[in-house]
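This report concerns only the one structure given below.
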């Protein structure tokens, strides 16, 4: 027994000499912040996942891996709720705990409760909007910005005017209902969108990818770079401006009249305009048209206008 106690004492002395017990990646720190000042904008960074809930008071509840807790920056100022992680201050030994083959991902969750005042949401890093009550959004105007690897999964937005901006590797699957929609995609961003609008406008560049479903009275698409766009649903009037090597497939878009300005090597449009198709085609452009619309050619040089065969 004395020998056992002696060995235990030696172990304790060794641990004390090392400075501290080994780090453990198993505990989560929960924080509740009630009665926050009013805000209409949320900026979220790091790897936080966000759940937006409707309520009469402004409140936030966070669950953060305890080892990262001291590096979370939380503030409400100038009508903006900001939650980020100061990545530069996180010790290397903490990061290593979550980088092994069998290690789990650290937990960063925030639930925000607020009334119908949210006008702008900005996500960057690997932040994600995972759930939202559409009552939290201002019913006149909503702006959503995603950057880096930020993402949104299966969320609905409703307002008079909606603006969406995605760049770098941002990814979103969402639905919108509004009078006016304006979307910008850049970098390698990806958007899967269901819309119901009076007018929808899209600006797609870089190697971005756009998939659209739903209905709009007027659809405008400005595509360039090496972007790819697939348009489904219904739009009585469509206007396209396509450049560089962008590809636009609107063969499944129920469309009466279309105007297409296309130029650039390997740039292409496939359209199903049923009544009237007006084209302005520059060098390298190709337009495939389905159905038998009235054709109006404003300009065509070193380009192709070809009937499309579904077979």
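Summary of computed values
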| read-out | value |
| --- | --- |
| Filtered residue count, the range 234-258, keeping only those that are assigned to a strand (DSSP E or B) and farther than 20 Å from residue 205 by Cβ | 10 |
| Selected residue (criterion: nearest to the chain's Cα centre (by Cα)) from residues of the range 261-305 that are surrounded by 16 or more Cβ atoms within 10 Å (Cβ to Cβ) and at positive phi | 264 |
| Some residue of the range 222-233 being assigned to a strand (DSSP E or B) and closer than 22 Å to residue 300 by Cβ | yes |
| Matching entry among 44, 67, 21, 81 (being surrounded by 15 or more Cβ atoms within 10 Å (Cβ to Cβ) and modelled with pLDDT under 95) | 67 |
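Every residue, every condition in (1) touching a residue at least 40 places away in the same chain (Cβ under 8 Å); (2) outside any strand (DSSP E or B); (3) closer than 17 Å to residue 236 by Cβ; (4) not assigned by TED's automatic domain parsing to the domain that holds residue 235, yes or no:
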{"site": "260", "(1), (2), (3), (4)": "no, no, yes, no"}
{"site": "272", "(1), (2), (3), (4)": "no, no, yes, no"}
{"site": "284", "(1), (2), (3), (4)": "no, yes, no, no"}
{"site": "298", "(1), (2), (3), (4)": "no, no, no, no"}
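The values are calculated or read from the model by the stated rules, or taken from the named source; none is laboratory data. A quick note: this is a predicted structure, and the numbers were derived from the prediction, not measured. Here the Cβ is made from the backbone with ideal geometry for all residues, glycine too, and neighbour counts use every protein chain on show.
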